[in-house]
1. Over the chain, calculate the relative contact order: mean separation of alpha carbon pairs under 8 Å at least 6 apart, over the residue count, as a percent.
2. Go ahead and set up a Gaussian network model of the chain, Cα springs under 10 Å, then flag whichever of 49, 36, 85 fluctuates most.
3. Could you work out which residue, out of 105, 62, 33, moves most in a Gaussian network model of the chain, that is, has the largest mean-square fluctuation with Cα springs under 10 Å?
């Protein structure tokens, strides 16, 4: 999905053990999103699991885009390798890989639809 090779560096590659919290709902740290390189990440709100993100997927983009606190908690479901995408990398991806922006809009729309349908 996301061509992380464009932005991946040792300093933005993060390792999480299964069960480790990546961020909590309401965290004010909204200056990054993550791309899953290996493993699975569970996204949950207070009521339920919203989604499990597998390799190639991304999460945390809402807080980065609208600069608001995190809306859900992200937990490593398995041991994970994640690539942290900060604001500079995010804009670089949008400018140098327009397909990234389109894919992100599609995923966001799917997530909103899935979580608002009754």
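Coordinate-derived values only; no laboratory data. Quick caveat, the model's predicted, so the values are computed rather than measured.
1. So the answer I get is 34 percent.
2. Comparing 49, 36, 85 in a Gaussian network model of the chain, the most mobile one is 49.
3. Of the options given, 105 has the highest mean-square fluctuation.
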